[in-house]
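The next block holds one structure in the form of structure tokens; read it before the comments.
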Amino acid sequence: MRRLLEVGKVLLILWGLLSLIATVVFVGIIAFALWGGSQESNKTASINDVQSILNRCNLGGNRIEEVLHSYRSPIAMRGDGVDAHAIRVSHVEATELTRDDAGSGWVRGDQADGVLKDAIEFVGGWLHEDDLSWFPNSDELTSSEMYVYSWSIHFQGTHPSAAQLIFVRPKDKMVFYFDGKT
């Protein structure tokens, strides 16, 4: 009988610990949902916030004149969300938007194919958001006036699930950045 009481005591302690852990996790999930780690923001980013975008694609952050628009969606618990910017630069020429010997670099929008074309279509899927009305539409992104630089594209099966793309429209010296994940 004494052995049975000791086993019961251990089982009750384990049950209590599991209940405590489950309660802490549940409260954490509720707290994140109510006061989540991120909030939607249409606050325009500063030049310092976006310099790395132009440095990534070898244009150089020193040519930024103004950040016209920014949008950051709330980040869902799985990490889904979008971050986008419209940046006016002092100069950009189509001649500097080239590919390197390895095939990396800039591609004219109407010449995008394969993985890059799929990623541009992924971006187009986000553009129904009212807060992104300033971002070029799908037809503009795939036009001969737009150039695209792929920083990162992730796939889930055969469909993009995340993309970081930089678009440049030389005629009006505009750079558009998109970072989205589903």
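The values are calculated or read from the model by the stated rules, or taken from the named source; none is laboratory data. Quantities reported herein were computed from a predicted structural model and do not represent experimental measurements. FYI the Cβ positions are ideal-geometry reconstructions off the backbone, even for glycines, and counts take in every protein chain you see.
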Lone unmet requirement of (1) outside any helix (DSSP H, G or I); (2) touching a residue at least 24 places away in the same chain (Cβ under 8 Å) for Gln164: (2)
Enumeration of residues in segment 53-73 that are of a type outside the set (Val, Ile, Thr), in contact with a Ser or Thr (Cβ under 9 Å, 6 or more places away or on another chain) and surrounded by 13 or more Cβ atoms within 10 Å (Cβ to Cβ): Gly61, Arg63, Leu68, His69, Ser70, Tyr71, Arg72, Ser73
So Met174, is it under 17 Å from His85 (Cβ atoms), aliphatic (A, V, I, L, M) and free of Cβ contacts under 8 Å to residues at least 60 places away in the same chain: no
Failed item in (1) modelled with pLDDT under 80; (2) outside the structural domain of Val175 (by TED's automatic domain parsing), with Asp101 passing the rest: (2)
Of residues in segment 126-137 being surrounded by 12 or more Cβ atoms within 10 Å (Cβ to Cβ) and free of Cβ contacts under 8 Å to residues at least 40 places away in the same chain, the one farthest from Ser73 (Cα to Cα): Asn137
Residue check, Thr158 more than 15 Å from Phe178 (Cα to Cα), among the hydroxyl-bearing types (Ser, Thr, Tyr) and in the same structural domain as Tyr177 (by TED's automatic domain parsing): yes
Of all residues making up segment 138-161, the number that are in a loop (DSSP other than H, G, I, E, B) and surrounded by 13 or more Cβ atoms within 10 Å (Cβ to Cβ): 4
Of the criteria (1) in contact with a helix residue (DSSP H, G or I) (Cβ under 9 Å, 6 or more places away or on another chain); (2) crowded, with 19+ Cβ neighbours inside 10 Å; (3) of a type outside the set (Gly, Ala, Ser); (4) not in a strand (DSSP E or B), which one Phe122 fails: (1)
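Which residues, counting only those in segment 89-109, are in a helix (DSSP H, G or I) and surrounded by fewer than 13 Cβ atoms within 10 Å (Cβ to Cβ)? Outline the logic, then answer.
First, the residues of segment 89-109 that are in a helix (DSSP H, G or I): 94-96, 109.
Listed by number, the list holds a single entry, Thr95.
Return a yes/no flag: does segment 24-42 have any residue that is at pLDDT 85 or above and either over 24 Å from Lys173 (Cβ atoms) or not polar (S, T, N, Q) (or both). Working first, answer last.
So in segment 24-42, the residues at pLDDT 85 or above come out as none.
No - not one qualifying residue is present in segment 24-42.
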Some residue of segment 136-148 being at pLDDT 95 or above and closer than 16 Å to Ile53 by Cα: yes
Failed condition for Gly105, given (1) of a type outside the set (A, V, I, L, M); (2) touching a residue at least 60 places away in the same chain (Cβ under 8 Å); (3) at positive phi: (2)
Matching entry among Ala76, Ala112 (being buried (at least 19 other Cβ atoms within 10 Å of the Cβ) and either closer than 14 Å to Met174 by Cβ or assigned by TED's automatic domain parsing to the domain that holds Ser152 (or both)): Ala112
